[in-house]
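For reference, the structure discussed in these notes is given below.
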Amino acid sequence: MTSAYFEYNKGKVLQALRYHFITRREIKLMMIVVNIFAIVSAGLFFWHKISPLAFMVSSVLWFSLMITFWFVLPKMIYKKAATFKDHFKVSFEDQHLFLENERGSKSWPWTAFSSVIESPYFFHLYFDSRSFFLLPKEAFEMYDLHDVRKVLSEKIRK
């Protein structure tokens, strides 16, 4: 079917990892709760119902969470994963996705993937809610990108 060669761009991978974290339901919920907490504490501080220290603690909590999800976690994952430093060839076959590099190869049946999500630079091929494979869109020519979307949507059903 379709084959492509690719390597990962650090900036784009970090953005894709941020996208992954922000789209997780539990992280969205936590961010909403922390934002509501920060807004309520700002209002209570404005109306002199809480001390400046309490407002500062809530602000530090908000900044800490945002920095963690936006910078710390993506960089930690990027540094740990040797995958992002390799060069790959990916092939879409009828029954499986085939991935190879100079150290070896791996194939997954299409049924191993639970869902696919498209972000600005990648297709996120999910095995489950926490583990996924990033497939760069730039690996495919513009005319192939439509075919890749079609294959992924046909082979990976939500």
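The values are calculated or read from the model by the stated rules, or taken from the named source; none is laboratory data. Predicted model only: the values in this text are computed from it and were never measured. Cβ placement follows ideal geometry from the backbone for every residue including glycine, while neighbour counts extend to all protein chains displayed.
Condition check for F92 on (1) out of contact with any Ser or Thr (no Cβ under 7 Å at 6 or more places or on another chain); (2) within 28 Å of V151 (Cα to Cα): one failure, at (1). Listed by first and then second residue, the pairs linking a residue in the range 110-128 that is within 12 Å of L17 (Cα to Cα) and touching a residue at least 60 places away in the same chain (Cβ under 8 Å) to a residue that is of a type in the set (D, E, K, R) and crowded, with 17+ Cβ neighbours inside 10 Å, with Cβ atoms under 7 Å apart and 6 or more places separating them unless they lie on different chains, are Y121/K12; Y121/K137; F122/K137.
Taking the range 15-30 as the search range and keeping residues that are hydrophobic (A, V, I, L, M, F, W, C) and touching a residue at least 24 places away in the same chain (Cβ under 8 Å), which one is farthest from P136 (Cα to Cα)? In this case the residue turns out to be M30. Residue-level analysis places K89 among those that are touching a residue at least 24 places away in the same chain (Cβ under 8 Å) and in the same structural domain as F140 (by TED's automatic domain parsing).
Is it the case that the range 117-139 has a residue that's at pLDDT below 90 and charged (D, E, K, R)? Yes; the residues of the range 117-139 include at least one that is at pLDDT below 90 and charged (D, E, K, R).
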